[in-house]
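The values are calculated or read from the model by the stated rules, or taken from the named source; none is laboratory data. Remember, it's a predicted structure, so these values are computed and weren't measured experimentally. Reconstructed Cβ throughout: ideal geometry from the backbone, glycine too, with neighbour counts over all protein chains shown. Surface accessibility is based on the protein's heavy atoms, side chains included, excluding ligands, DNA and RNA. Shrake-Rupley method; radii C 1.70, N 1.55, O 1.52, S 1.80 Å.
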Amino acid sequence: MQRISVVGTSGSGKTTLARDLAQRMGVAHIELDALHWEPNWQEAPLDVFRARVAAAVAAETWAADGNYSAVRDLVWARADTVVWLDFTLGIILWRLLGRTLRRVLCREKLWSGNRETLAAQLSRDSIILWALRTYKRRRREYPLLLQQPQYRHLQVVHLRTPAAVRAWLGELGAVTRASGK
């Protein structure tokens, strides 16, 4: 594994896992949200976003996280591994609620200085509503996408529980120690 794309529903732990993998492997962490969001929650123009992503994934090694279909072709063409975090809706909503509350209450700065707000979470822009709207779609689309010819080169790691993630990371650690890396 040299270039890993971590995907899954919002709140599944993509960023946390990709950051952990990047640190373990000593490679760059690419957070697609950071390349996508401009100040004041404005989306980067598509050509700018694609250029940023293309530059980031041109590196020889990295761990990326995100589900952006607008740049999937760029990320997955360069990736050798896709890790799909496919947890139950209950786990995702619990994690997302905790993360969102922490971000709102602590006024945590995100990409480009943006912050999540209580007002946003009580609106149609709520990340929790987004997760509810996209959960079933993601579970349907990833198996179909991963069977497409242009993505057959990818090793797929399909993890369905947080315990499976921990076990997989433990296996990676054992392999890394055995190989002396």
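Summary of computed values
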| quantity | calculated |
| --- | --- |
| The chain - percent relative contact order, Cα under 8 Å, separation 6 or more | 29 percent |
| Theoretical gain in end-to-end length, LEU110 to ALA167 [0.36 nm per residue, Cα-Cα removed] | 17.6 nm |
| The chain, accessible surface, carbon-and-sulfur percent (1.4 angstrom probe) | 57 percent |
| Heavy atoms of TRP37: accessible area, 1.4 Å probe, square angstrom to 10 | 50 Å² |
| About the Cα centre, charge dipole magnitude for the stretch 73-181 (Lys/Arg +1, Asp/Glu -1 at Cβ), debye | 260 debye |
| Accessible-area value, THR61, 1.4 Å probe, nucleic acids and ligands omitted, Å² | 40 Å² |
| Farthest positive-ward along the stretch 22-181 dipole, Cα basis, beta-carbon charges - from LEU93, TRP37, ALA77 | LEU93 |
| Length gained when the stretch ASP125-GLN2 is fully extended (0.36 nm per residue, less Cα-Cα span) | 40.8 nm |
| Rounded to 5, the percent of DSSP beta bridges in the chain classed as antiparallel | 10 percent |
| Per residue solvent-accessible surface (Å²) - the stretch 36-86, probe of 1.4 Å | 43 Å² |
| Accessible-area order (highest first, 1.4 angstrom probe) of the listed residues ILE127, ILE92 | ILE127, ILE92 |
| Solution diffusion estimate, µm²/s, Stokes-Einstein, the chain, Kirkwood Rh from C-alpha pairs, 10 °C, viscosity 1.306 mPa s | 93 µm²/s |
| Nearest-10 value in Å² for the accessible area of ASP73, using the 1.4 Å probe | 70 Å² |
| The stretch 108-166, accessible area per residue, ligands and nucleic acids excluded (1.4 Å, Å²) | 67 Å² |
| Solvent-accessible ranking of LYS14, LYS136, largest area first, probe 1.4 Å | LYS136, LYS14 |
